[in-house]
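Asks: Mind looking over this structure? Questions follow.
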Amino acid sequence: MRRYLFTNDKVRDEGETYDVVIVGGGLAGLYCALNIDPKHSVAIISKGGIDSGSSWLAQGGIAAVTQETDSFEAHIQDTLMAGAGHCDKKAVEVLVREGPEVINDVIRLGVQFDKDEDGNIIVTREGGHCCRRILHCGGDATGRVMTKTLGEVASGRENISVFFNTFLVDILTDKNGAIGVVVNDGDEDRVIYSRNIVIATGSIGQLYKFSTNPKGTTGDGIAACMRAGAVCKDMEFVQFHPTALAVGVEDGKMFLISEAVRGEGAVLRNKSGEAFMYNKHSLRDLAPRDIVTREILKNMMKTGDDCVYLDVSDMDEEFFAKRFPTIFEKCRSLGINVPKDSIPVHPTEHYLMGGVRTDLHARTTVSGLYACGEVACTGVQGANRLASNSTLECLVFGRRAALKINGDFRKNDGYKFEMPRSEEFDDVCPPDSEIDDDIAYMKSLMTEYVGAIRHTSSLEYTHRELDRIYDKYRKRRLENIKEYTVFNAAVASTVIAESACKRKESIGSHYIVD
Ligand code: SIN
């Protein structure tokens, strides 16, 4: 019998039913909802508010071929190159070729990309791109503007209901695949039936001590899909963004200094002022992210410093403040007088290339269960994601999931789920303080040993330790969100470490020194 997290006698089941349930209120989930045939009822379940996911924080922009000087071939080539030869070429073709279409569609829905004085959309450059092709909104507030706009459209649609602050506990399955979810809104676990379920829950950043990802990114979607029988892929490929702000860290959440800042001419320097990317790659500071990250870490190891510096002094103040208003405000609030002062930065966890394996229509290996956005592994990101391809992936594959659901719609038939018996889990969870200690320990293992530079022996040690913690919770009775979260975190961390152990060669973001 498969494992469910909830305790059967505590779940409320009043037959609440939607045609489609989408878990995740970021770009992938929202755009998927907007593409579902309006005759179908849709529930969007979001762990926090509209501003709580990673989409909201996306600064740089969205990559797409919109300029005459650019081409699909060039975008495909850059994606494959950054992905270190590990991408699924068919998925990359889909991503790139459908890019302009989804861009036009979100413009139609109200998204305003930044324009020059003549009304032309402005594009910028980021790491790994051979030319300027990144569209942006509000300077460096692309994710915020897009998520807010799509969220407003969704909340005006009669067929869409949004449930904020609602946690995904489990995906219910029977022999025919997905049949619903159990969610918890803080008070109780309750069943929502649906035979068309989309998981768009984002990622795993908070499995690390430091990440650019928000608080809720604890691998819940991945763990729930795995319990439902879905297959995961490429979990060892974790991307570390080269330039997180090295000061003002709040609760493990690091503020991002967008790669677009380098796209506009900023240069990385070490404490001695040396522009150390100069001889390291033909794209210098705009080399793919994994390469820049490793060069920064090597520099920090060599010099013993705990950061490097982003020299932005070539930009004038007016330009910087207008082009990067969020970054400007944040730096100034911390006493960094940009653009005169350099910005102290160091690499931090940013994105998971792997995830729940999906096909070109966002289908997982479980019937009726779809995944899109960061939680999914479509194959487009390979072993190292090209900058600003993730926002595009959210739209392209969010829409593909919706179109497939519209075409292959699975009807609800009033079926009532028989709750599994749970008496085999008699042991209760340890006290909260012990759970906190376990979470802190898992984060320190992930940070220390499953980072941007890895060693075989410490990966193996980490895997054993994480597996031990997973085992501790595996047969326990879990009764609240905190207990569900530690279990999910143990599952997701263990799978990442296990996959990292299995891959013996360095490729893209998985870099082993021994
Ligand atoms: C950034 O603005 O540097 C982040 C963009 C991304 O992660 O693709």
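Asks: Would you give the gap between the C-alpha center of segment 182-246 and the C-alpha center of segment 358-434, rounded to a whole Å?
Replies: Computed from Cα coordinates, the inter-centre distance equals 10 Å.
Asks: Same structure, new question: Take every Cα pair under 8 Å in the chain that's 6+ residues apart, average their separations, divide by the length, and report that relative contact order as a whole percent. Write out the running numbers ahead of the final one.
Replies: Values: 1171 pairs, mean separation 114.2, N = 514.
Value for the chain: 22 percent.
Asks: Here is a further query. Would you mind checking the radius of gyration and Dmax of segment 292-401 based on alpha-carbon positions, in Å?
Replies: Calculated on Cα positions, Rg and Dmax stand at 19.1, 56 Å.
Asks: Compute the length gained on full extension between F164 and D13: take 0.36 nm times their separation in residues and subtract their Cα-Cα distance, giving the result in nm to one decimal. Kindly include the intermediate steps, with their values, before the conclusion.
Replies: Numbers: separation 151, 0.36 × 151 = 54.36 nm, distance 1.95 nm.
Difference between extended and current length: 52.4 nm.
Asks: Can you quote the Å³ per residue value for the convex hull of the Cα atoms in the chain, rounded to an integer?
Replies: Working: hull volume 72.6 nm³, N = 514.
Each residue corresponds to 141 Å³ of Cα convex hull volume.
Asks: Let me ask you something else. Say the dipole of the chain comes from +1 at the beta carbon of Lys and Arg and -1 at that of Asp and Glu; which of T358, L109, S390 then lies farthest toward its positive end?
Replies: T358
Asks: Would you work out what percent of the accessible area of segment 51-135, with all protein chains in place, is carbon or sulfur (probe 1.4 Å)?
Replies: Details: 1820 of 3920 Å².
With neighbouring chains kept in place, the figure for segment 51-135 is 46 percent.
Asks: Still on this structure, I have one more. Would you mind checking the pairs K233/K253; K302/K504; K47/K233; K39/K148; K89/K475 and listing those with alpha carbons more than 32 angstrom apart? Let's see the in-between values first.
Replies: Working: K233/K253 26 Å; K302/K504 26 Å; K47/K233 24 Å; K39/K148 24 Å; K89/K475 41 Å.
Checking Cα-Cα distances, K89/K475 exceed 32 Å.
Asks: Tell me the trypsin sites (Lys or Arg not before Pro) within segment 304-371 that lie in a loop according to DSSP and have at most 13 other beta-carbon atoms within 10 Å.
Replies: Working: sites: K322, R323, K330, R332, K340, R357, R363; in loops: K340.
Sites meeting the loop and neighbour criteria: K340.
Asks: Hey, got the dipole for the chain? About the Cα centre, +1 on K and R Cβ, -1 on D and E Cβ, debye to the nearest 20?
Replies: With Lys and Arg at +1 and Asp and Glu at -1, about 940 debye.
Asks: Nearest 0.05, what FRET efficiency do H281 and D359 give at R0 = 41 Å with Cβ-Cβ as r? Intermediate results must be reported in sequence, preceding the final value.
Replies: On the way: r = 34 Å, r/R0 = 0.82.
Taking R0 as 41 Å, the efficiency between H281 and D359 is 0.75.
Asks: Place a +1 charge on the Cβ of each Lys and Arg in segment 339-479 and a -1 charge on the Cβ of each Asp and Glu, then give the dipole magnitude about the Cα centre in debye, rounded to the nearest 20. Let's see the in-between values first.
Replies: Numbers: 20 positive and 23 negative charges, 184 e Å.
So the magnitude is around 880 debye.
Asks: Let me ask something else about it. Sort H455, H129, H281, H350 from largest to smallest accessible area, using a 1.4 Å probe on the heavy atoms of the protein chains. Working shown, then result.
Replies: Working: H455 80, H129 0, H281 55, H350 30 Å².
Largest to smallest exposure gives the sequence H455, H281, H350, H129.
Asks: Counting only DSSP beta bridges with both residues in segment 214-372, what percent are antiparallel, rounded to the nearest 5?
Replies: Values: 17 of 17 bridges.
Bridges in segment 214-372 are about 100 percent antiparallel.
Asks: Tell me which of S54, C87, N159 sits at the most positive position along the dipole axis of the chain, charges placed on C-beta atoms (Lys, Arg +1; Asp, Glu -1).
Replies: Farthest towards the positive pole: C87.
Asks: Counting other Cβ atoms within 10 Å, which GluC sites (Glu not before Pro) in segment 360-439 have at most 14 and lie in a DSSP loop?
Replies: Numbers: sites: E374, E393, E418, E423, E424, E434; in loops: E418, E423, E424.
Filter output for segment 360-439: E418, E423, E424.
Asks: Can you figure out the FRET efficiency of N104 with F417, using R₀ = 56 Å and their beta-carbon distance, to the nearest 0.05?
Replies: Details: r = 41 Å, r/R0 = 0.74.
Calculated transfer efficiency: 0.85.
Asks: Before rounding to the nearest 500, sum -39500 (n - 2.57) across all DSSP H runs of length at least 4 in the chain and divide by the residue total; then give [θ] at 222 nm in deg cm²/dmol.
Replies: Values: 15 runs with 179 residues, N = 514.
Using -39500 (n - 2.57) per qualifying helix, the result is -11000 deg cm²/dmol.
Asks: Hey, what's segment 4-50 come to in accessible area per residue, 1.4 Å probe, Å²?
Replies: Details: 1460 Å² over 47 residues.
On a per-residue basis, segment 4-50 sits at 31 Å².
Asks: Enumerate the whole-percent occupancy of each 10 Å bin, from 0 to the last occupied one, for all C-alpha pair distances of segment 1-160.
Replies: 9, 30, 32, 19, 8, 2, 0
Asks: Tell me, what is the per residue accessible area of segment 353-400 in Å², probe radius 1.4 Å? Don't skip to the end; give the middle numbers.
Replies: Values: 780 Å² over 48 residues.
With all protein chains present, segment 353-400 gives 16 Å² per residue.
Asks: Need one number: % antiparallel among DSSP beta bridges in the chain, to the nearest 5.
Replies: Numbers: 35 of 59 bridges.
Beta bridges within the chain, antiparallel portion: roughly 60 percent.
Asks: Under a point-charge model restricted to the Cβ atoms of Lys and Arg (+1) and Asp and Glu (-1), what is the dipole moment magnitude of segment 112-155 relative to its Cα centre, in debye to the nearest 20? Present the calculation step by step, with values, prior to reporting the outcome.
Replies: On the way: 6 positive and 7 negative charges, 41 e Å.
Computed about the Cα centre, the dipole is about 200 debye.
Asks: Hey, if you put +1 on the Cβ of every Lys and Arg and -1 on every Asp and Glu Cβ in segment 209-285, which of V249, C232, G219 ends up farthest toward the positive end of that dipole?
Replies: V249
Asks: Give me the extension gain from D314 to E152: residue separation times 0.36 nm, minus the current Cα-Cα distance, reported in nm with one decimal. Before the final figure, lay out each step's value.
Replies: Details: separation 162, 0.36 × 162 = 58.32 nm, distance 3.83 nm.
Residue separation times 0.36 nm, minus the Cα-Cα distance, leaves 54.5 nm.
Asks: Further question: Taking all protein chains in place and a 1.4 Å probe, what share, in percent, of the accessible surface of segment 398-483 do carbon and sulfur account for?
Replies: Values: 2180 of 4710 Å².
Whole-percent figure for carbon plus sulfur exposure: 46.
Asks: For segment 429-477, rounded, prolate or oblate, judged on the Cα gyration tensor with a ≥ b ≥ c (square roots of eigenvalues), a/c < 1.5 rounded, else prolate if a/b > b/c?
Replies: Numbers: a/c = 4.01, a/b = 1.89, b/c = 2.13.
Oblate is the answer for segment 429-477, as a/c is 1.5 or above yet b/c matches or exceeds a/b.
Asks: Using Cα centres only, tell me the gap between segment 26-41 and segment 313-332 in whole Å.
Replies: Rounded to whole Å, the Cα centres lie 36 Å apart.
Asks: Next question, about the same structure. Residues in segment 100-118 near a label at E68, defined as backbone nitrogen under 20 Å from the 7 Å Cα→Cβ point?
Replies: The answer is 100-101, 104, 115-118.
Asks: Between I453 and D187, what is the label-to-label distance in nm when each label sits 7 Å out along the Cα-to-Cβ direction?
Replies: Modelled inter-label distance: 5.3 nm.
Asks: Using a 7 Å offset from the Cα along the Cα-to-Cβ direction at both S433 and D306, what is the distance between the two label points in nm, to one decimal?
Replies: Reported label-point gap for S433 and D306 is 2.8 nm.
Asks: Between S272 and R332, what length in nm is gained on full extension when 0.36 nm per residue of separation is reduced by their alpha carbon distance?
Replies: Working: separation 60, 0.36 × 60 = 21.60 nm, distance 2.35 nm.
Length difference between fully extended and current span is 19.3 nm.
The values are calculated or read from the model by the stated rules, or taken from the named source; none is laboratory data. A quick note: this is a predicted structure, and the numbers were derived from the prediction, not measured. Methodologically, a virtual Cβ is constructed for each residue, glycine included, from the backbone with ideal geometry; neighbour enumeration extends over all protein chains shown. Please note that ligands, DNA and RNA were not included when accessible areas were found on the heavy atoms of the full protein model with its side chains. Shrake-Rupley method; radii C 1.70, N 1.55, O 1.52, S 1.80 Å.
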